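Laboratory data are not the source of any read-out in this text; all were calculated from the coordinates shown. Just so you know, these numbers come straight off a predicted model, no measurement behind them. Neighbour counts run over all protein chains shown; Cβ positions are idealised from the backbone, glycine included.
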């Protein structure tokens, strides 16, 4: 009997969302097949990689990162340098210093820095703004930065349960930018936040999901099963409240675990700290891409190039 | 399995407002009822134009175009005893959001509505009765097989036959309710889709009782395997039951706002 390859019924599609303007604009989502299932149908837009730049200097960074950014003297210069990394599709500017428990940089200063960086970057690459992890501060910060970057079509990461009303109203409605809805590996909250942000008037087509992440090995199976269930609801059950592309910050998770921070002097049998950090970042990124992330954020230029090469080989 | 399908029953010429709107071709009352039902979560809308002996085809075409053009090609059930009106309606029907439903065929005088659905690639509601109320589960099964064979012989997919067990009024036929549920369970065992005029069960009951009875009946019927029902989607309690059943059956992912979407 001849073998007939079963052709799965095409599912509903993930929304296609554009960030950035001009030559550097990128599209996320749009596919109606499972991740990398090129044999089932076209992957409309290959997954994209963002390179993370903090507004703080890289004091504790591995040598490779320091070397890459050598000679840069401002956030704007680092952003431009990051954009040149091989395989980087967009740049994630992270306002780490805005944290009230840290340097507590004012939102006005952040907006000034963001504007300077965006102007230096021009239309060459899309920009994503990452908050300080403090919900109250981020609401204020995003409002000022969104106002400073009008017409740049920027994605803001993220609106959370604690601040979604303010963030959706300013970023999504007043300044018509893109909003990421963040939940911490909680599938029901992921859906709920999308519904709530949409009920405020932000179109589903302008929402990205950040469903949370973990470093590989650190409760990671919950991340994977959450992504699987979301993609299944979006495509097989045509759940329009879950058809947003998924953006997953990887670097902020993986560069904080012991595999990436223990020095070789403390753990001689583990080998080079930098190599371990890159491995953790690459492994985690590839796993979430295989589970449905449409974009990831990575820090090390080598990780960016490695994951980019993998995506190019598969899609 | 899939999400439970609700067919909104409120565009019906038995309502004086709708009858008048159909007589005078006044869009507003029809559009208003369509919107209310869709906002309440109806998947399909039933369009009942009555016997429409004089102007059936023209009236059905007007109604189909009116509703689909105003509501993003919402899928419709075309409901009339006038066969040429159903055919005319299908000619102008837009399938972007789903096939048209022929409402309805039975194992008696209206069996040719199966042929009509087959010829037009439509879904048919197949009422498992001939004349009057079927006497037993077995009788319903017999009618079901008759309707199925006719559909299959004409090239229909069994998924396009939605079998109706014939919901019966509790006040008067209380002893028949279990038969209806058993018939639904048998449909589900065969893998058949099913639907029916669910609110029949509460006919004649006080207004405040009907939503209670209908919502419990729909829950029990869904558990038995019912895949769709013709209902009043503006009945909040009923829709709460349907949406909650979809959650419990894992057909839709839970979120705190699930009743609002």
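Given R₀ = 25 Å, what would the calculated FRET efficiency be for residue A:161 paired with residue A:290, taking r from the Cβ atoms and rounding to 0.05? Can you show the working numbers first?
Numbers: r = 28 Å, r/R0 = 1.11.
Computed FRET efficiency for residue A:161 and residue A:290: 0.35.
Under the simplified labelling scheme, the residue B:173-residue A:315 pair shows an inter-label distance of 5.7 nm, with each label point 7 Å from Cα along Cα→Cβ. By the Cα gyration tensor, the stretch B:1-155 has an equivalent ellipsoid whose semi-axes, rounded to whole angstrom, run 27, 17, 16 from largest to smallest. Sorting A:158, B:136, B:15 by the number of Cβ atoms found within 10 Å of their own Cβ, with the fewest placed first, yields B:136, B:15, A:158.
The stretch A:120-182 has equivalent-ellipsoid semi-axes of 19, 11, 10 Å, by the square roots of 5 times the alpha carbon gyration tensor eigenvalues, sorted largest first. Given a Förster distance of 30 Å, report the FRET efficiency between residue A:204 and residue A:23 from their Cβ-Cβ distance, rounded to the nearest 0.05. Here the calculated transfer efficiency is 0.65. Note on B:160, A:55, B:256: ascending count of other Cβ atoms within 10 Å places them as B:256, B:160, A:55, the fewest first.
Report, as an integer, the average count of C-beta atoms from other chains found within 10 Å of each Cβ along A:123-135. Don't jump to the answer; show the numbers that get you there.
Values: counts 0, 0, 0, 0, 0, 0, 0, 0, 0, 0, 0, 0, 0.
That works out to 0 on average.
Just for the stretch A:16-314, what percent of DSSP beta bridges are antiparallel, to the closest 5?
Working: 4 of 33 bridges.
In the stretch A:16-314, approximately 10 percent of DSSP beta bridges are antiparallel ones.
When the helix-only estimate is applied to chain B (DSSP H runs of n ≥ 4, each -39,500 (n - 2.57), divided by the residue count), what is the mean residue ellipticity at 222 nm, nearest 500 deg cm²/dmol?
Working: 10 runs with 117 residues, N = 261.
When only DSSP H runs of four or more count, the value is -14000 deg cm²/dmol.
Could the peptides A:35-48, B:96-109 be put in order, highest first, of the mean number of other beta-carbon atoms found within 10 Å of their residues? Mind dumping the intermediate values first?
On the way: A:35-48: 17.3, B:96-109: 19.9.
Ranking, from highest mean packing down: B:96-109, A:35-48.
Model label points for residue B:248 and residue B:95, set 7 angstrom from Cα along the Cα-to-Cβ axis, are 3.6 nm apart.
Dividing the convex hull volume of the alpha carbon atoms of the stretch B:5-260 by its residue count gives 126 Å³ per residue.
Each 5 Å bin, from zero up to the one with the longest distance, holds this percent of the alpha carbon pairs of the stretch A:95-220: 2, 12, 22, 22, 19, 14, 7, 2, 0.
For chain A, the direction-averaged projected area of the alpha-carbon convex hull comes to 17.3 nm². Counting, for every residue in B:243-256, the Cβ atoms of other protein chains within 10 Å of its Cβ and taking the mean gives 4. Of the peptides A:262-275, A:293-306, B:138-151, A:231-244, the order by per-residue mean of other Cβ atoms within 10 Å, starting with the highest, comes out as A:293-306, A:231-244, B:138-151, A:262-275. If you average the C-alpha positions of the stretch B:72-123 and of the stretch B:213-261 separately, how far apart do those two centres end up, in angstrom? For the stretch B:72-123 versus the stretch B:213-261, the Cα centre distance is 26 Å. One way to sum up the overall shape of the protein assembly as shown is the equivalent ellipsoid from its Cα gyration tensor, whose semi-axes run 56, 25, 21 Å, largest first.
Counting only DSSP beta bridges whose two residues both lie in the stretch A:1-121, roughly 45 percent are antiparallel.
Antiparallel as a % of all DSSP beta bridges within the protein assembly as shown, to the nearest 5? Rounded to the nearest five, the antiparallel share is 5 percent.
GNM remark for chain A: springs join alpha carbons under 10 Å apart, and the peak mean-square fluctuation among A:16, A:221, A:86 falls on A:221. The separation of the stretch B:1-67 from the stretch A:237-291, counted between C-alpha centres, amounts to 55 Å.
Fully extended, how many nm does the chain gain between residue B:256 and residue B:17 (0.36 nm per residue separation, minus their Cα-Cα distance)? Spell out each step's value before the answer.
Details: separation 239, 0.36 × 239 = 86.04 nm, distance 3.69 nm.
Full extension of this stretch gives 82.4 nm more.
Estimated from helices alone, the mean residue ellipticity of chain A at 222 nm is -11000 deg cm²/dmol (sum of -39500 (n - 2.57) over DSSP H runs with n ≥ 4, per residue).
Going from the residue with the fewest nearby Cβ atoms within 10 Å to the one with the most, B:178, B:243 rank B:178, B:243.
Compute the whole-percent fraction of alpha carbon pairs in the stretch A:73-138 spaced more than 15 Å apart. Can you show the working numbers first?
On the way: 1079 of 2145 pairs.
Pairs farther apart than 15 Å: 50 percent.
Take the Cβ atoms of residue A:66 and residue A:116, set R0 to 22 Å, and the FRET efficiency comes out at 0.50.
One quarter of the convex hull surface built on the alpha carbon atoms of the stretch A:9-52 amounts to 3.7 nm², the projected area averaged over directions.
With a 10 Å cut-off around each Cβ of A:239-247, the average count of Cβ atoms from other chains is 2.
For the stretch A:10-96, the pair-distance distribution built from all alpha carbon pairs, in bins 5 Å wide starting at 0, is 3, 13, 19, 18, 13, 12, 10, 8, 4, 1, 0 percent.
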